[in-house]
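One structure is given below, encoded as structure tokens.
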Amino acid sequence: MKTYKTIFISDIHLGSRGCKADLLCDFLKNNTSENLFLVGDIIDGWRLKKKFYWPQSHTNVIRRILTAAKRDTKVTYIIGNHDEVLRGLLPYDMHFGNIDLVNRYRYQALNGKTYMVIHGDMFDTALRNKLAWLYHFGDNLYTILLGINIVLAKMRNKLGLPYWSLSAYLKSKTKEAVAFMSDFEVLITDYCQKQNADGVICGHVHKADIKKIGDIEYMNDGDWVESCTALVEHHDGSWEIITWIKEKDDVDTDNTSSSYKRLKRRAGTSGTLVSGSTDLPAGIKYN
């Protein structure tokens, strides 16, 4: 069992067929932390509204999170766009067990730097005008690609090949998607600068990364639909992206977990919680 100061995960999309719930359960079983941030799109309300889908593995994820909260891990749920229905509960200061529900959070890291923890969907309006067609067709196309991902993953597993995401590959090769990522990063780091923060921790775009954009440290914890990644803060203050990829489907019968490939990316040094916020600006102006 690995222990961290803080773990950040987002874009789990429970309630969708693309969710890698079994992988996430294994990750949560083998990793613990003082603080756990759920950085939006944990439950996919959009998918559930269209067609209900909720296997046992998705319930198991919820149980893992609730168990962590019960065992003194401070759990904070940042609301995203796919679970935006929860925003209606914010005025009532609702709690789910020991889980705090907020729109954003100012996180004080071990290196003394302040990070804005937000999902990132608040910047969609500004980007939608530039890439309107991508918003109109992107969601349905993405669903189709995730379905193809599931079939490919099963075929590659039978052939003894590692996991590979078609949707992630196509996004990386499509200039419109690349431009979207770039614009998103610029807008979100500009917002953090105006909030007098040293960096941002977000999700939303399903692309894990740690990098410096201008004077702002940009960290994205990725997703559990394509890349299966988490952002962690070590007790020595360093940051790391962990990719939790399953190499085989069969669980060992000797009480050891199934084989997983743990890929790591580390950056810098940098948890003490400062304050949560249930408010977000109604509109953001960029000069």
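The values are calculated or read from the model by the stated rules, or taken from the named source; none is laboratory data. What you are looking at is a predicted structure, and each value in this text was computed from that prediction instead of being measured. Cβ: placed from backbone, ideal geometry, glycine included. Neighbour counts: every protein chain shown.
Please determine whether any residue of the range 217-228 is at pLDDT below 90 and either closer than 21 Å to Ile7 by Cα or over 15 Å from the mean Cα position of the chain (by Cα) (or both).
Yes: one or more hits.
Picking from Ile79, Ile42, Ile9, which residue would you name as being of a type outside the set (Ser, Thr, Tyr), closer than 23 Å to Gly120 by Cβ, in contact with a Leu (Cβ under 8 Å, 6 or more places away or on another chain) and modelled with pLDDT under 95?
Every option except Ile79 fails the conditions.
Tally the residues that are under 15 Å from the mean Cα position of the chain (by Cα) and within 14 Å of Thr243 (Cα to Cα), restricting the search to the range 26-47.
Here the count works out to 2.
The rows are residues; the columns are (1) modelled with pLDDT of 90 or more; (2) crowded, with 20+ Cβ neighbours inside 10 Å; (3) hydrophobic (A, V, I, L, M, F, W, C); (4) assigned to a strand (DSSP E or B).
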site	(1), (2), (3), (4)
Leu231	yes, yes, yes, yes
Asp236	yes, no, no, no
Ile241	yes, yes, yes, yes
Trp244	yes, yes, yes, yes
Thr253	no, no, no, no
Ser257	no, no, no, no
Arg262	no, no, no, yes
Arg265	no, no, no, yes
Ser275	no, no, no, yes
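Please find, within the range 66-116, the residue that is nearest to Phe8 (Cα to Cα) out of those that are assigned to a helix (DSSP H, G or I) and basic (Lys, Arg).
Step by step, filter the range 66-116, then rank; the result is Lys70.
Quick one: count up the residues across the range 26-73 that are touching a Phe, Trp or Tyr at 6+ places or on another chain (Cβ under 9 Å), among the acidic types (Asp, Glu) and surrounded by fewer than 19 Cβ atoms within 10 Å (Cβ to Cβ).
Within the range 26-73, residues that are touching a Phe, Trp or Tyr at 6+ places or on another chain (Cβ under 9 Å), among the acidic types (Asp, Glu) and surrounded by fewer than 19 Cβ atoms within 10 Å (Cβ to Cβ) number 1.
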